[in-house]
Amino acid sequence: MIKATLDKGDKDTGQGEYTVELVQWNDSFVIGYQEVDEDHQKLVGMLNALNTSISEQDTHEVVGKVLNDLLSYTAWHFRHEERLMQTFRYPDYVAHKKEHGSLIQQATELQTKFLAAEQELTQDVMDFLKRWLVHHILQTDKAMADFLRQKV
Ligand SMILES: [Fe+2]
């Protein structure tokens, strides 16, 4: 059912097994607001776990569970950021929340189609999720953190 071939970033463990890291965490992702940085690190780990699950050709059910965990955590994390922005009256709150809403909508559609076996989690889909996350952290969340840091 899953036909994705994800070979970018594969690491040969030397034991005939491959670990696949779609996104390699590095210091450029640190936005300087610890509780959000911790969320982001977990989010990157969960996106990588989905990538690994696909590349290992796990069953549709298992991949679906990993995808669901990722989306649930993403929704929780967005609410976490939104609570912080509201608490400290972040001036770009509405625009930032809109970006979150747009991703949730696209990801939920993707999940619905995946569960109905109408959509596979292809390299393109994973690249979309990767690009979205990296761009959002580096641009939108960094700007938020610059503001929040002045409030603590
Ligand atoms: Fe955000």
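Nothing in this text is a laboratory measurement; each read-out follows from the coordinates by a stated rule. Every value quoted in this text rests on a predicted model; they were computed, and no experiment measured them. Backbone-built Cβ (ideal geometry, glycine too); neighbour counts: all protein chains shown.
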**Message:** For the pair R83/T108, report the inter-label distance in nm, with labels modelled 7 Å from Cα in the Cβ direction.
**Reply:** 2.0
**Full-extension gain in nm, A49 to D92, via 0.36 nm per residue minus C-alpha separation** = 12.3 nm
**Fill in**
Dividing the mean separation of Cα pairs under 8 Å (6+ apart) by the residue count of the chain yields a relative contact order in percent of 33
**Message:** Expected output is a single nm value to one decimal: the length gained when fully extending between V62 and D27, i.e. 0.36 nm times separation in residues minus the C-alpha distance. What is it?
**Reply:** 9.5 nm
**Message:** What is the ratio of the Cα radius of gyration of the stretch 82-152 to 2.2 N^0.38 Å, with N the residue count, to two decimals?
**Reply:** 1.36
**Asked** Which is the longest run of the chain containing none of the GluC sites (Glu not before Pro) found in DSSP loop states (not H, G, I, E, B) with at most 13 other C-beta atoms within 10 Å?
**Response** 18-117
**Request:** Could you check the simple spin-label distance between A117 and W132, using points 7 Å along Cα→Cβ, in nm with one decimal?
**Result:** 2.5
**Complete:** Longest principal axis of the chain (C-alpha) makes with the long axis of helix 60-87 (C-alpha) an angle, in degrees to the nearest 10, of 10
**Request:** Starting from the Cα-Cα distance between R149 and Q41, subtract it from 0.36 nm times their residue separation and give me the gain in nm to one decimal.
**Result:** 37.0 nm
